[in-house]
Amino acid sequence: MKPIKFQPLLFPKIWGGEKIAALKQYKNASAKVGESFEVSALKGECTPEIEGDDHGASLSELIEKYGAKLVGENVFQKYGTEFPILIKFIDAREPLSIQVHPDDEMAQREGMPCGKSEMWYVVQADEGASLYAGFSKDVNPDDYEKLLNDGTLTDSVNKYETRAGDAFYIPAGTIHSIGAGNLIIEVQQTSGATYRVYDFDRKDNRGKKRELHVEKARQALNFNARNDFRIDVPKEKNQPVVVKKCEYFNTHVMHLDKVLTRDYSTIDSFVILIAFEGAATLLDSEGNTITMQQGESVLYPACNESIRFTPSGNFSCFETYI
């Protein structure tokens, strides 16, 4: 099988900006692109293949056709034809809402297949950019609405200044918000389950405030204090650097200016690469050669055993697999 590139799905948001279009070198994109779904099998928002023998086929259709050859034997046994992760770029020109995602147990009670744990890798951060993650002190659930009503909720939430190269793991149940000025790669469980806690009293393009999900959020939130959401990512070159390994995904980042060969023969999983700087030529164990440049993502089937990266100058990409 050949590596697969998908047509990204661009979503305008009231908080979106121009950084995704700039990264991808799109000239005619909306000025408020908030999200680009790079690799997605989310129902109704499934990315299609843009070239090759299965041109136009959605990721879900590709899994139906190729099964374990595409995703890996263990992945296919665990998830079947449901693709387990979703990859995005997020551009926050303005802050996203304060929100929370349910865990698997709550999501399934609500009729959804799974919850939503996620991680962020900061590609770009404007001066003074920040984000929120987790309560900074234990909060009594009975005081939750009071904090909302008197406008002091964020006083009880950790605020992190952000810089390019920062990473954060946001397990389900964590209160969080991506602040203005951040361009982020997000790796998450395949779920659209989001409960909006607070939206800074913003109005949509019809002049209406967006819906809040106060009671659902109360059920989903972990009210215990934690401040360990930032991941210390070593700044090393020409080797894969571990960012986060968990039950939902494994992630690495690579900054290359020399040839590097990655061995995937033992992982029994698809591999997704998301480029965010420069360009490189990639040669895989099946003899396929592709060029990859910043803003592009590619999925390598599980039957592939290795990739040789030959960068053109400086090349940086994020890697994830199960």
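Tell me, please, whether a residue that is at pLDDT below 95 and either out of contact with any Leu (no Cβ under 7 Å at 6 or more places or on another chain) or part of a loop (DSSP other than H, G, I, E, B) (or both) can be found in the range 272-279. Looking for residues that are at pLDDT below 95 and either out of contact with any Leu (no Cβ under 7 Å at 6 or more places or on another chain) or part of a loop (DSSP other than H, G, I, E, B) (or both), one finds none in the range 272-279, hence no. Scanning for something surrounded by 21 or more Cβ atoms within 10 Å (Cβ to Cβ), assigned to a strand (DSSP E or B) and not small (Gly, Ala, Ser), does the range 209-219 turn up at least one residue? Looking for residues that are surrounded by 21 or more Cβ atoms within 10 Å (Cβ to Cβ), assigned to a strand (DSSP E or B) and not small (Gly, Ala, Ser), one finds none in the range 209-219, hence no. Of all residue pairs spaced 6 or more apart or on separate chains, those with beta-carbon atoms under 7 Å, a first member in the range 110-134 that is at pLDDT 95 or above and a second member that is open to solvent by 30 Å² or more (accessible area, probe 1.4 Å) and assigned to a strand (DSSP E or B) are Met119/Tyr169; Met119/Lys244; Ser130/Lys159; Ser130/Glu161; Tyr132/Lys159. Being in contact with a strand residue (DSSP E or B) (Cβ under 9 Å, 6 or more places away or on another chain), of a type in the set (D, E, K, R) and in a loop (DSSP other than H, G, I, E, B) is true of Lys258.
Taking the listed residues Asn140, Asn222, the one that is over 26 Å from Glu277 (Cβ atoms) and loosely packed, with under 13 Cβ neighbours inside 10 Å is Asn140, with no other qualifying.
The residues of the range 141-189 that are within 27 Å of Ala22 (Cβ to Cβ), among the β-branched types (Val, Ile, Thr) and not in a loop (DSSP other than H, G, I, E, B), listed by number, are Ile170, Ile178, Ile184, Ile185, Val187. Take Gln124 and tell me if it is farther than 28 Å from Val271 by Cα, surrounded by 17 or more Cβ atoms within 10 Å (Cβ to Cβ) and within 16 Å of the chain's Cα centre (by Cα). Criteria not met by Gln124.
Out of all the residues in the range 143-169, which are farther than 23 Å from Glu186 by Cα, of a type in the set (Gly, Ala, Ser) and open to solvent by 40 Å² or more (accessible area, probe 1.4 Å)? Of everything in the range 143-169, just one residue is farther than 23 Å from Glu186 by Cα, of a type in the set (Gly, Ala, Ser) and open to solvent by 40 Å² or more (accessible area, probe 1.4 Å), namely Gly151. Residues in the range 14-25 that are surrounded by fewer than 18 Cβ atoms within 10 Å (Cβ to Cβ) and free of Cβ contacts under 8 Å to residues at least 24 places away in the same chain: Ala22 alone.
So for the range 252-264 (the condition being within 25 Å of Pro8 (Cα to Cα), in contact with a Phe, Trp or Tyr (Cβ under 6 Å, 6 or more places away or on another chain), open to solvent by 10 Å² or more (accessible area, probe 1.4 Å) and of a type outside the set (D, E, K, R)), does at least one residue qualify? The answer is no; no qualifying residue exists. Quick check: is even one residue across the range 190-197 part of a strand (DSSP E or B), touching a Gly at 6+ places or on another chain (Cβ under 9 Å) and not charged (D, E, K, R)? Checking the range 190-197: not a single residue is part of a strand (DSSP E or B), touching a Gly at 6+ places or on another chain (Cβ under 9 Å) and not charged (D, E, K, R).
Between residues in the range 235-253 that are on the phi < 0 side of the Ramachandran plot and assigned to a strand (DSSP E or B) and residues that are open to solvent by less than 40 Å² (accessible area, probe 1.4 Å) and of a type in the set (Ser, Thr, Tyr), which pairs lie under 6 Å by C-beta distance while being six or more apart or on different chains? That search, which allows pairs on different chains as well, returns Val243/Thr251; Lys244/Tyr169; Lys244/Thr251; Asn250/Tyr321; Thr251/Thr320.
Tell me which residues, restricted to the range 225-234, are assigned to a strand (DSSP E or B) and open to solvent by 70 Å² or more (accessible area, probe 1.4 Å). Don't jump to the end; show me each part of the working.
Taking the range 225-234 first, the residues assigned to a strand (DSSP E or B) are 230-231.
Of everything in the range 225-234, just one residue is assigned to a strand (DSSP E or B) and open to solvent by 70 Å² or more (accessible area, probe 1.4 Å), namely Arg230.
The values are calculated or read from the model by the stated rules, or taken from the named source; none is laboratory data. Computed from a predicted model, the values in this text were never measured in an experiment. Note: ideal-geometry Cβ built from the backbone for every residue, glycine included; neighbour counts use all protein chains shown. These area figures cover heavy atoms from the full protein model, side chains too; ligands, DNA and RNA do not enter into them. Shrake-Rupley method; radii C 1.70, N 1.55, O 1.52, S 1.80 Å.
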